[in-house]
Amino acid sequence: MATWVALLRGVGGGIRPLPMRDLVKELEGIGLKDVRTYIQSGNVIFSSTRASTRLAGEIERCIEKRFGFHSNTFVLSVDELRRAATNNPFPQADATPQLLHLFFLEQPPKTPQLDAMNELKSKSEQFALKNKVFYFYTPDGFGISKLATRVQRLLGVETTARNWRTVGKLLEMTKEPG
């Protein structure tokens, strides 16, 4: 049985409340095992024998049916999450993990508008695109970044973002027994 990480888009943070206790119960109801969540923003660790290609759709349908809204769901293997962390080009974020966000992409972008991103970013901001992860370092703060709100549109693919601290905590949770 494999361990998976599900990242739900647009959940928590005042966007769409989703009680994690209820989510755990519903996901167990569709046969997922060892279901655990991290904070109220749609981070789920679980085990399953199902193929990853099926899991995202099953979780999305479960949320729609039980909670009445659609949440794009990104399912990553532990190796994919670990690789995203290992490939971080901004090690300075270890000291201030809230300043680095990893945008997980539904698929590699075909025509990312990197020039437009360079024009939008502030002088202190840095970014890197590596396959299905967009790393965005914002030393002056993510909330005030002009680029932060436009990343998905400029990449041309669905995304969901997590800060560096959350990525680290999710990796820790994948090592813990359920």
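The values are calculated or read from the model by the stated rules, or taken from the named source; none is laboratory data. Because the structure is a prediction, the values reported are computed rather than measured. When we count neighbours, we look across all protein chains shown, and the Cβ atoms used for this are built from the backbone with ideal geometry, even at glycine. Quick note on the areas: whole protein, heavy atoms, side chains included, nothing else; ligands and nucleic acids left out. Shrake-Rupley method; radii C 1.70, N 1.55, O 1.52, S 1.80 Å.
In the stretch 85-113, the residues that are closer than 23 Å to Ile144 by Cβ and hydrophobic (A, V, I, L, M, F, W, C) reach residues that are at pLDDT 95 or above and in a loop (DSSP other than H, G, I, E, B) with C-beta atoms within less than 6 angstrom, at least six apart or across chains, in these pairs: Leu99/Thr138; Leu99/Pro139; Leu100/Phe90. The residues on offer are Leu55, Leu76, Leu32, and the sole one that is of a type outside the set (Phe, Trp, Tyr), within 20 Å of Arg165 (Cβ to Cβ) and modelled with pLDDT of 95 or more is Leu76. Here the stretch 32-66 is the region considered, the condition is being outside any helix (DSSP H, G or I) and among the polar types (S, T, N, Q), and the residue that is surrounded by the fewest Cβ atoms within 10 Å (Cβ to Cβ) is Thr49. Residues that are surrounded by fewer than 19 Cβ atoms within 10 Å (Cβ to Cβ), polar (S, T, N, Q) and not in a helix (DSSP H, G or I) within the stretch 67-87 comprise Asn72, Ser77, Asn87, listed in sequence order. For the stretch 13-23, the criterion of being open to solvent by 40 Å² or more (accessible area, probe 1.4 Å), modelled with pLDDT under 90 and among the small types (Gly, Ala, Ser) is met by at least one residue. Given the criteria open to solvent by less than 30 Å² (accessible area, probe 1.4 Å), of a type in the set (S, T, N, Q), modelled with pLDDT of 95 or more and closer than 23 Å to Thr3 by Cβ, does Thr166 qualify? Against the criterion (open to solvent by less than 30 Å² (accessible area, probe 1.4 Å), of a type in the set (S, T, N, Q), modelled with pLDDT of 95 or more and closer than 23 Å to Thr3 by Cβ), Thr166 qualifies. Checked against (1) open to solvent by less than 40 Å² (accessible area, probe 1.4 Å); (2) farther than 17 Å from Phe74 by Cα; (3) in contact with a Ser or Thr (Cβ under 6 Å, 6 or more places away or on another chain); (4) not hydrophobic (A, V, I, L, M, F, W, C), Thr174 passes all but a single condition, namely (2). Picking from residues in the stretch 93-104 that are within 19 Å of Gly143 (Cβ to Cβ) and touching a strand residue (DSSP E or B) at 6+ places or on another chain (Cβ under 9 Å), the one that is most open to solvent (accessible area, probe 1.4 Å) is Gln98. Inside the stretch 114-141, residues that are without any contact (Cβ under 8 Å) to a residue 40 or more places away in the chain and open to solvent by less than 40 Å² (accessible area, probe 1.4 Å) make up a count of 8.
Under the condition of being buried (at least 17 other Cβ atoms within 10 Å of the Cβ) and either at pLDDT below 95 or under 15 Å from the mean Cα position of the chain (by Cα) (or both), the residues counted in the stretch 143-156 number 3.
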